[in-house]
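Following: one structure in structure tokens, then a few remarks.
The values are calculated or read from the model by the stated rules, or taken from the named source; none is laboratory data. Quick caveat, the model's predicted, so the values are computed rather than measured. Neighbour counts are summed over all protein chains in view; Cβ atoms, including those assigned to glycine, are modelled from backbone coordinates with ideal geometry.
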Amino acid sequence: MEIAPIEKDFKISEISISNFSNMSNNDAYDSQPSFYDNNTLVYAGTRTDNTEIIISSVHAEKKIRYFEPTEGGEYSPQLIPGSNRIAAVRLDKDGKQRLYDYTPGGNVVTEVIEGLQIAYFAYYDSETILASILSGGNLDLVIADVKTQKVDTLLEKSGRSIHLVPGKKNMSYTLTNEEGNFDIYQLDMETRESFFVTQLPIGIQDHIWMDDSKLLCGSGSKLYLYDLFGKGAWEEVADLSAYNIKDITRLALSPDGKRLALVAEPKFDTPTVIVNRHIALFNERDLDAYMACFSEDVTMNNFPNKQQLKGQVAMRKSYAEFYENVPEVSVEVMNEMAVGNYVVYEEMESRGTKRNRQVTIFDVAEGKIASMTFIHNSKSKEDPEVIVQKQLDAYNNRDIDGFMATYSEDIKLLSFPDKQNSEGQESMRKSYDGYFKNTPDLHCEIKKRIVIGNKVIDHEYITSNGRNFSAIAVYEVKNGLISKVTFIQ
């Protein structure tokens, strides 16, 4: 599942995509998202053998189990209007799908409409549900009253995409047309009258409302918008192919309209999967399969950017000679970090009885490893962790004097591998002093830390002005002070 913020108000040609990220970061099933609030997403996710209700901050760092999973699994979780409870479809032991009301804490669950086999649903208000129910080989559209338990069937051959129309007493649903595609209709919830809106693009099942007159759907790696007062056609508003996704299906919009959650398939495996595969193939000594993990112009470097080798031809020759001369070799991953396209591994290489620890920074692009940068475990008189922890404590206390006291006079701040952003105490102090003063919620949590030689590598989770983001920082310590910081983002 991917999540990306978009502008709340926009013209057709002015959708803006930013902070796009893989939110669930899970190779198993994750789908059917809905927003619990502006900053929290709830979805159906598979973590062990069961699909369960997962609730997560939109920044994806913290995911919690909303309710103890059941044997059949939970699907299509949604916030019940006017409450803090979630409704979800559960597959019961008798093979039937029913809708349940889940109270936080994992011990209270109530069937919403007794005996009704619900496939897909949406709440109109806390007492009224529009749903597609299982009926033979088709789906029937029904209105159900939670209080009276009364169920009225409206039509046959409905679809799975059901939504409340913002600002109106209407709901939308889809219906299979004669060509086997899906049409969108609006239903007046007071009069029970329906009227045709438009046909979805061929092969597409899902839609959402951006406001009371604009619809959004996904097809392939693109987003399309339909304006009821526009040209009467679906128009492309965003191409997300650069974000390693394809086959967009379900969508969800946050209540404030600033964030869009979408479900899509990755075009390529995640960087972590690719790097893990390359390590397994290295250990298996399968040179052909190992080389297939790398781009044609792959580079091997010593940190930060001293090139040792470039290109698959040279790399193949080097590794063929290595395998010939080193009959026993294996690599074990001791610690791992990942942010964006970068994967950082602390590795233990074993050659017979000899063991060597190193850190490797992998840059992965379009399903291939584009570069490997090694940090070797050199001997150091420094105790780098002490000073790095001291600067972290000062950072979290927004203590500019204590913070700057941990850095050398000629401190350099860089973006990996070697783009210099700042040099010297004066410019750094000026930048961070204002940042500390204007960011009352500033906090950095260390997810993982690697200490190697005179370097400390921190996987940081930063809170700043209500937003969260992750980064990896490589701190280099010289003469008891931090002399260089390289950020990997």
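Laid out as a table, the results:
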| read-out | value |
| --- | --- |
| Qualifying residues in segment 88-103 (those that are of a type outside the set (D, E, K, R) and surrounded by fewer than 18 Cβ atoms within 10 Å (Cβ to Cβ)) - the one nearest to SER31 (Cα to Cα) | LEU91 |
| Pair list, Cβ under 6 Å, 6 or more apart: segment 457-471 residue without any contact (Cβ under 8 Å) to a residue 40 or more places away in the chain, other residue of a type in the set (Phe, Trp, Tyr) and assigned to a strand (DSSP E or B) | ILE462/PHE469 |
| Strands (runs of 3 or more DSSP E) within segment 346-435 that include 3 or more residues in the same structural domain as VAL326 (by TED's automatic domain parsing) | 354-365, 368-376 |
| Odd one out for ASP363, checked against (1) more than 20 Å from ASP433 (Cβ to Cβ); (2) in contact (Cβ under 8 Å) with a residue 40 or more places away in the chain | (2) |
| Test: residue in segment 261-281 that is assigned by TED's automatic domain parsing to the domain that holds VAL344 and over 27 Å from the mean Cα position of the chain (by Cα) | yes |
| Complete set of residues in segment 212-226 that are more than 25 Å from the chain's Cα centre (by Cα) and not hydroxyl-bearing (Ser, Thr, Tyr) | ASP212, LYS214 |
| Any chance THR51 is crowded, with 22+ Cβ neighbours inside 10 Å, at pLDDT 75 or above and not acidic (Asp, Glu) | yes |
| Unmet criterion (only one of (1) at pLDDT 95 or above; (2) farther than 24 Å from LYS455 by Cα; (3) touching a Phe, Trp or Tyr at 6+ places or on another chain (Cβ under 6 Å)) for LYS317 | (3) |
| Test result for GLN149, polar (S, T, N, Q), in contact (Cβ under 8 Å) with a residue 24 or more places away in the chain and farther than 27 Å from ILE54 by Cα | yes |
| Any hit, segment 141-150, residues being farther than 30 Å from LEU225 by Cβ and either under 30 Å from the mean Cα position of the chain (by Cα) or of a type in the set (A, V, I, L, M) (or both) | yes |
| Sole exception among (1) over 25 Å from TYR29 (Cβ atoms); (2) crowded, with 22+ Cβ neighbours inside 10 Å; (3) charged (D, E, K, R) for GLU74, by number | (1) |
| Any hit, segment 217-226, residues being loosely packed, with under 15 Cβ neighbours inside 10 Å and not in a strand (DSSP E or B) | no |
| Extreme residue, surrounded by the fewest Cβ atoms within 10 Å (Cβ to Cβ), among residues of segment 169-180 that are out of contact with any Lys or Arg (no Cβ under 8 Å at 6 or more places or on another chain) and at pLDDT 95 or above | LYS169 |
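Per-residue answers, yes or no, for (1) surrounded by 16 or more Cβ atoms within 10 Å (Cβ to Cβ); (2) closer than 22 Å to LEU309 by Cα; (3) out of contact with any helix residue (DSSP H, G or I) (no Cβ under 9 Å at 6 or more places or on another chain):
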residue: LYS379; (1), (2), (3): no, no, yes
residue: PHE403; (1), (2), (3): yes, no, no
residue: SER422; (1), (2), (3): yes, no, no
residue: ARG429; (1), (2), (3): yes, no, no
residue: ASN438; (1), (2), (3): no, no, yes
residue: LEU442; (1), (2), (3): yes, no, no
residue: ILE446; (1), (2), (3): no, no, no
